[in-house]
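What follows is one structure encoded as structure tokens, with my remarks underneath.
The values are calculated or read from the model by the stated rules, or taken from the named source; none is laboratory data. This structure is a prediction, so every number in the text was calculated from the model and none was measured. Every residue, glycine as well, gets a Cβ built from its backbone with ideal geometry; the counts of neighbours run over all protein chains shown.
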Amino acid sequence: MTTLLADVASYSVPVNIVFGFIAALMLYGAVRVVTTENVVHAALWLVVVLAGMGGLYILLQAEFVAVTQFMVYIGAIVVLILFGVMLTRTPGAEGVESNKKMVPIGIVTALLLFSVMAYSLIDSFGSDQVRPTAGNPTEELSDAIFSSYLLPFELVSVLLLAALIGAIVLARKE
């Protein structure tokens, strides 16, 4: 237990404070995503959660992953969800009764999943040391993508291009 406290004390106090603030904001946003009845508001709370993930990546000094998180998830996925909600013009949850019988089942399931994750993390927390990186993580990532993983990268780009063409064909008016 003392070694765990010594490891925690070696981290920067401002980083821990910022992490706690971001984590609390993300937890609040996640609760609001699943509890709000308005789908548009839920999507906006999802933006808060995903922005918090980007902030955590910045704290981990993974700037490229953070920028990718902001651009792909906040800039594209949430906008896609909002467009889907607004263009389908589905009525909101007004007048729809919520199923209160499922709440206890959801709580039990959430607690069960949390206990399994907590049990698996308690035994492995702090056992492995993180190796310090010698170079720039963004440069190492780009070298890996464009050398070892070039074929999967190109296949994903072709798949995304096909999805974009399909979306244009579906959205085009006759």
- Message: For the list (1) within 13 Å of the chain's Cα centre (by Cα); (2) free of Cβ contacts under 8 Å to residues at least 24 places away in the same chain, I need the number of the one condition that Phe21 fails.
- Response: (1)
- Task: Pick out the one residue from Val79, Val18, Val96, Val33 that is in a helix (DSSP H, G or I) and at pLDDT below 90.
- Result: Val79
- Of residues in the range 36-76 being part of a helix (DSSP H, G or I) and among the hydroxyl-bearing types (Ser, Thr, Tyr), the one surrounded by the fewest Cβ atoms within 10 Å (Cβ to Cβ): Thr68
- Note on the structure: Going through the range 36-57 in order, the residues found to be more than 18 Å from the chain's Cα centre (by Cα) and either outside the structural domain of Phe70 (by the TED database) or more than 19 Å from Gly84 (Cα to Cα) (or both) are none
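Quick check on my filter: what residues within the range 129-147 are surrounded by fewer than 12 Cβ atoms within 10 Å (Cβ to Cβ), of a type outside the set (A, V, I, L, M, F, W, C) and modelled with pLDDT of 80 or more?
If the condition is that a residue be surrounded by fewer than 12 Cβ atoms within 10 Å (Cβ to Cβ), of a type outside the set (A, V, I, L, M, F, W, C) and modelled with pLDDT of 80 or more, then Glu139, Ser147 are the ones that fit.
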